[in-house]
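The values are calculated or read from the model by the stated rules, or taken from the named source; none is laboratory data. The shown structure was predicted, so the numbers you read here are calculated from the model rather than taken from an experiment. Note that we place each Cβ from the backbone using ideal geometry, even for glycine, and neighbour counts take in every protein chain shown. Heads up: the accessible areas ignore ligands, DNA and RNA and are worked out on the full protein's heavy atoms, side chains in. Shrake-Rupley method; radii C 1.70, N 1.55, O 1.52, S 1.80 Å.
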Amino acid sequence: MGKLQKSLKTRHITMISIGGVIGTGLFVGTGKNILNTGPAVVFSYLIACTIIVLIMQMVGEMASGELALGMKNSGDPEMGSFASYASKYIGDWAGFTVGWLYWASWVFIVGLEAALIGGMINAWFPSVPVWAGSVGITLLMTIINVYSVKTFGEFEYWISFFKVTAIVVFLIVGALMAIGVWPTFEPEGLGILVNHGGFAPQGYIPILTAIVFVIFSICGAEVAAIAAAESENPAKNIVRAIRNVVFRLSLFFVGSVALMVMILPWNDAENLAAPYANILRMAGLPIAAELMQLVIFVSLVSVLNSALYTSSRMLLSMSQQGDAPKFFSRIKNKRGAPVPAIIGSTVVAYICAMLYFISPDVIFYFLGNCVGGLMIIVYIFIAISQIRFRKEFVKKTDTKLPIRMWLFPYLTYATIFLLVAVYISQLFIESLQSQFYLSTAVFICSIGLFFVMRKLSPAASGAKAKKEMEALVTETVSESN
């Protein structure tokens with residue numbers, strides 16, 4: 001059995017994180033959120049980005065803390081796996097639940113992006129069936145992931161760099177349009193925020209419920225902590241990557257939506273259908289507007305690539321923890337790629353993509369609705385894990401944490417409260433009720449599945465208990481020395 005290769009650099013990790021975030025949720029979903037909420041949607045993005053930033057800080061603290069403890073005990077700590085943190089600091093059932101929910105969410109995202117990419121290829125080249133484009137692009141990303149993590153990182157870096165450049169151009173042009181110095185556009189001024197029915201024309205509850213959609217759009221930034229485990233200097237890179245991603249995440253999402261509501265009336269459905277392209281077209285840059293279609297295509301490929309990487313590493317981690325078949329913990333090629341985990345995630349992603357063609361309005365729709373709710377549940381578990389991690393860390397060592405959660409524990413509790421409030425708010429919006437019930441059912445079933453499997457496979461639980469006992473003995477010996 002081989003080992004994961006530590007060949008990723010800081011620039012790779014940063015772009016992998018950004019690549020997993022910037023997709024159709026930003027380029028297309030933003031317009032829908034503005035139509036449903038009004039100019040007040042800026043607060044939805046601000047709150048959602050704040051939640052993600054706080055979650056990343058928590059993950060960063062646990063990952064860097066585990067690394068610090070590992071160095072002290074001369075161990076090889078597992079970094080970035082939310083499932084392992086939940087298992088260690090909450091309970092085995094929590095680790096099992098978080099791992100499978102997070103894996104399932106990302107595998108579905110692979111299938112979703114593949115289906116959308118197939119549709120775009122078919123629109124450009126009608127002779128290519130949608131299913132062929134979907135399968136082809138997923139197969140290509142699988143080959144890139146299987147070949148080596150360095151190849152994956154380099155590929156993700158450049159395609160993410162391309163779409164980041166496009167967003168930066170949009171932000172510059174949009175800012176000049178909003179302040180009235182762009183020569184071919186006359187802004188309405190700040191009055192545009194209240195002149196079309198008020199700042200929150202749909203009421204204030206949509207501000208809260210829109211956070212669910214936004215979180216689904218921007219989930220993935222926490223992948224930096226997972227990718228750092230395969231970098232040259234994990235301790236250094238995880239700190240740099242998280243700080244870089246936090247700043248860029250806020251700028252790209254909050255900055256983009258703020259410019260949109262200052263340039264376009266919130267009820268301009270025609271232009272908000274493709275806000276980035278239409279705003280550039282209004283600026284007199286038709287070529288740039290047309291290029292946005294290519295940017296969206298590249299973004300879909302990038303998200304698919306990052307999703308496949310993330311799901312395979314989570315499956316690998318769960319297998320190592322004993323929560324998935326041992327087969328998936330094998331690393332079979334010399335370049336350190338977890339081939340069985342990658343192939344396993346790809347196969348399930350193909351099944352999800354097939355559901356898009358078999359039942360797009362029923363099964364695929366419900367699965368898509370489920371993902372946003374599941375991500376919120378995972379984030380709640382991450383926050384609870386961080387509270388318990390800090391208490392354990394303080395007991396074990398006086399080593400200073402490279403990354404610390406701000407205003408602990410108050411800000412962590414506030415994050416949990418806000419996440420629970422956002423999750424429950426789905427009940428008050430008819431279009432989100434199915435998402436609430438389905439994600440809750442999946443969550444409860446996953447917990448039930450853990451206890452059923454534990455009862456049917458006492459050997460697995462015994463092996464896990466033995467592993468925990470060995471770790472405890474090692475820690476005790478280290479402390480005595």
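How many residues does the stretch 16-50 hold that are among the aliphatic types (A, V, I, L, M), closer than 30 Å to Glu232 by Cα and out of contact with any Asp or Glu (no Cβ under 6 Å at 6 or more places or on another chain)? Walk me through how you get there before you give the answer.
As a first pass, look at the stretch 16-50 and keep what is among the aliphatic types (A, V, I, L, M): 16, 18, 21-22, 26, 28, 34-35, 40-42, 46-48.
Those still in the list that are closer than 30 Å to Glu232 by Cα too: 16, 18, 21-22.
If we keep only those that are out of contact with any Asp or Glu (no Cβ under 6 Å at 6 or more places or on another chain) too, we end up with 18, 21-22.
Total meeting the criteria: 3.
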Residue selected from the stretch 324-341 under the condition open to solvent by 20 Å² or more (accessible area, probe 1.4 Å) and outside any helix (DSSP H, G or I), by the criterion modelled with the highest pLDDT: Pro325
Criterion violated by Gly220 - all others in (1) open to solvent by less than 10 Å² (accessible area, probe 1.4 Å); (2) assigned to a helix (DSSP H, G or I) satisfied: (2)
Leading residue by the ranking (farthest from Ala94 (Cα to Cα)) among those in the stretch 377-399 that are assigned to a loop (DSSP other than H, G, I, E, B) and in contact with a helix residue (DSSP H, G or I) (Cβ under 8 Å, 6 or more places away or on another chain): Thr399
Which numbered condition Thr476 fails, given (1) of a type in the set (Ser, Thr, Tyr); (2) modelled with pLDDT of 80 or more; (3) open to solvent by 50 Å² or more (accessible area, probe 1.4 Å): (2)
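Take the conditions surrounded by 20 or more Cβ atoms within 10 Å (Cβ to Cβ), more than 19 Å from the chain's Cα centre (by Cα) and farther than 24 Å from Ala227 by Cβ and apply them to Ile279. Does it pass?
Working: surrounded by 20 or more Cβ atoms within 10 Å (Cβ to Cβ): yes; more than 19 Å from the chain's Cα centre (by Cα): yes; farther than 24 Å from Ala227 by Cβ: yes.
The answer is yes for Ile279.
For every residue, the table says whether it meets (1) at pLDDT below 95; (2) open to solvent by less than 50 Å² (accessible area, probe 1.4 Å).
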position: Ala383; (1), (2): no, yes
position: Ile387; (1), (2): no, yes
position: Phe393; (1), (2): yes, yes
position: Lys396; (1), (2): yes, no
position: Pro402; (1), (2): yes, no
position: Trp406; (1), (2): yes, no
position: Val422; (1), (2): yes, yes
position: Phe436; (1), (2): yes, yes
position: Ser439; (1), (2): yes, yes
Conditions (1) of a type outside the set (Ser, Thr, Tyr); (2) touching a residue at least 24 places away in the same chain (Cβ under 8 Å); (3) open to solvent by 20 Å² or more (accessible area, probe 1.4 Å): number failed by Phe247: (2)
Residues that are assigned to a loop (DSSP other than H, G, I, E, B) and either open to solvent by 40 Å² or more (accessible area, probe 1.4 Å) or in contact with a Gly (Cβ under 8 Å, 6 or more places away or on another chain) (or both), drawn from the stretch 408-420: Phe408
Residue match in the stretch 176-198 (condition: in a helix (DSSP H, G or I) and of a type in the set (D, E, K, R)): no
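Please go through the stretch 59-84 and give me each residue that is part of a helix (DSSP H, G or I) and modelled with pLDDT under 70, ordered by number.
Going through the stretch 59-84, the residues part of a helix (DSSP H, G or I) turn out to be 59-72, 82-84.
Matches in the stretch 59-84: Gly70, Met71, Lys72.
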Elements of type helices (runs of 4 or more DSSP H) in the stretch 5-58, at least 3 residues being within 15 Å of Ser256 (Cβ to Cβ) and free of Cβ contacts under 8 Å to residues at least 60 places away in the same chain: none
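Touching a helix residue (DSSP H, G or I) at 6+ places or on another chain (Cβ under 6 Å), modelled with pLDDT under 85 and either of a type in the set (Phe, Trp, Tyr) or open to solvent by less than 30 Å² (accessible area, probe 1.4 Å) (or both): which single residue out of Val149, Val107 fits that description? Full working, then the answer.
Values: Val107 fails: modelled with pLDDT under 85.
On inspection, the qualifying residue turns out to be Val149.
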